[in-house]
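Encoded as structure tokens, the structure appears first; notes follow it.
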Amino acid sequence: MVRITPGGKVSRIAHGFSDPHDLAFDASGYLYVADTGANRVGRVSPEGSVTTYISGLRVPVDLAFHPNGELFVCELYAGTVTAYKSAKKVRVVASSLDKPHGLAFDSTGATYINEWSGNRILKLDRKGRLHPVAAVEDPVGVAIGKSGDLYVAQPQAGKVSRVKMDGTSITLIEGLNEPRDPAFDEAGNLFVAESGAGRIVKMTGDF
């Protein structure tokens, strides 16, 4: 696990993970890691110590903190998104999903979930109902911009798409080598992990 400064300096902050995928910070500065190869969620303290936060998962690939403070975890092979609080399961948020691989929350608390094998994005409303948003091939990771649009990485196509709530989409950038897991910083810049090239791509613009 490494830290990358805005200037591009890389330093190691933790080790001992097996195929780590997604990351999320809590309000206290602890880092949570979807440790896919170990079927767990690991937690890294601000000092760098690593502990197992949740174990016994079925290929956790994405996680994020809901505005209510719960940690949502996508389990690829379980086909579920589950909410946790203080390492204890609160509830199954969504089930019978076709390999969920990416989630994000809008300002209302609604949850957006990628179905990787289902080739679509779903919206889970606050009443627990799922609604199709858009058909998107091979979606891996999703982020919401200030405009409210969704930004989705598509590794096989080598591109990142911008998806509107009416289901229409445009290609934002293409020619990437297996892009995954888009994320915004506080300044509104969009970052994408270009896994096939072993680098992070930064995009600026009106998102």
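The values are calculated or read from the model by the stated rules, or taken from the named source; none is laboratory data. As the structure is a prediction and not an experimental result, all values here were calculated from the model. All Cβ positions, glycine included, derive from the backbone under ideal geometry; neighbour counts span all protein chains shown.
Sort through ASP206, ASP181, ASP185, ASP166 and tell me the only one that's surrounded by 12 or more Cβ atoms within 10 Å (Cβ to Cβ) and not basic (Lys, Arg).
Exactly one of ASP206, ASP181, ASP185, ASP166 is surrounded by 12 or more Cβ atoms within 10 Å (Cβ to Cβ) and not basic (Lys, Arg), namely ASP181.
Pick from ALA78, ALA27: which is modelled with pLDDT of 95 or more and either of a type in the set (A, V, I, L, M) or outside the structural domain of ALA104 (by TED's automatic domain parsing) (or both)?
Just one listed residue meets the conditions, ALA78.
Which of the numbered conditions does VAL61 fail, given that it passes all the others? Conditions: (1) over 27 Å from ALA110 (Cβ atoms); (2) in contact with a Cys (Cβ under 6 Å, 6 or more places away or on another chain); (3) of a type in the set (A, V, I, L, M, F, W, C).
(1)
Kindly indicate the residue of region 99-111 that is surrounded by fewer than 22 Cβ atoms within 10 Å (Cβ to Cβ) and within 13 Å of GLY128 (Cα to Cα) and also modelled with the lowest pLDDT among those meeting that condition.
GLY109
Condition first: of a type outside the set (Ser, Thr, Tyr), in the same structural domain as GLY79 (by TED's automatic domain parsing) and in contact with a Phe, Trp or Tyr (Cβ under 7 Å, 6 or more places away or on another chain). Can you find one or more residues in region 5-14 that meet it?
No, region 5-14 contains no residue that is of a type outside the set (Ser, Thr, Tyr), in the same structural domain as GLY79 (by TED's automatic domain parsing) and in contact with a Phe, Trp or Tyr (Cβ under 7 Å, 6 or more places away or on another chain).
Only one residue in LYS123, LYS85 is of a type in the set (Lys, Arg) and in contact with an Asp or Glu (Cβ under 7 Å, 6 or more places away or on another chain), so which one is that?
Testing whether each residue is of a type in the set (Lys, Arg) and in contact with an Asp or Glu (Cβ under 7 Å, 6 or more places away or on another chain) leaves just LYS85.
Pull up region 190-203, narrow it to residues that are over 17 Å from HIS21 (Cα atoms) and over 16 Å from the mean Cα position of the chain (by Cα), then point me to the one that is surrounded by the most Cβ atoms within 10 Å (Cβ to Cβ).
Looking at the filtered set, the residue picked out is MET203.
So ARG129 passes all but one of these: (1) loosely packed, with under 13 Cβ neighbours inside 10 Å; (2) closer than 20 Å to PHE25 by Cβ; (3) not aliphatic (A, V, I, L, M). Which condition number does it fail?
(2)
Among the numbered conditions (1) assigned to a loop (DSSP other than H, G, I, E, B); (2) in contact (Cβ under 8 Å) with a residue 60 or more places away in the chain, tell me where GLY102 comes up short.
(1)
Check off (1) under 18 Å from PHE184 (Cβ atoms); (2) touching a strand residue (DSSP E or B) at 6+ places or on another chain (Cβ under 8 Å) for ALA34 and give me the number that stays unchecked.
Against the list (1) under 18 Å from PHE184 (Cβ atoms); (2) touching a strand residue (DSSP E or B) at 6+ places or on another chain (Cβ under 8 Å), ALA34 comes up short only on (1).
If you go through region 139-156 one residue at a time, how many are without any contact (Cβ under 8 Å) to a residue 60 or more places away in the chain and buried (at least 16 other Cβ atoms within 10 Å of the Cβ)?
The total comes to 12.
Name the residues in region 172-200 that are among the β-branched types (Val, Ile, Thr) and more than 19 Å from ASN114 (Cβ to Cβ), would you?
Hit for region 172-200 is ILE200, nothing else.
Output yes when any residue across region 161-179 is β-branched (Val, Ile, Thr) and not in a strand (DSSP E or B), and no when none is.
yes
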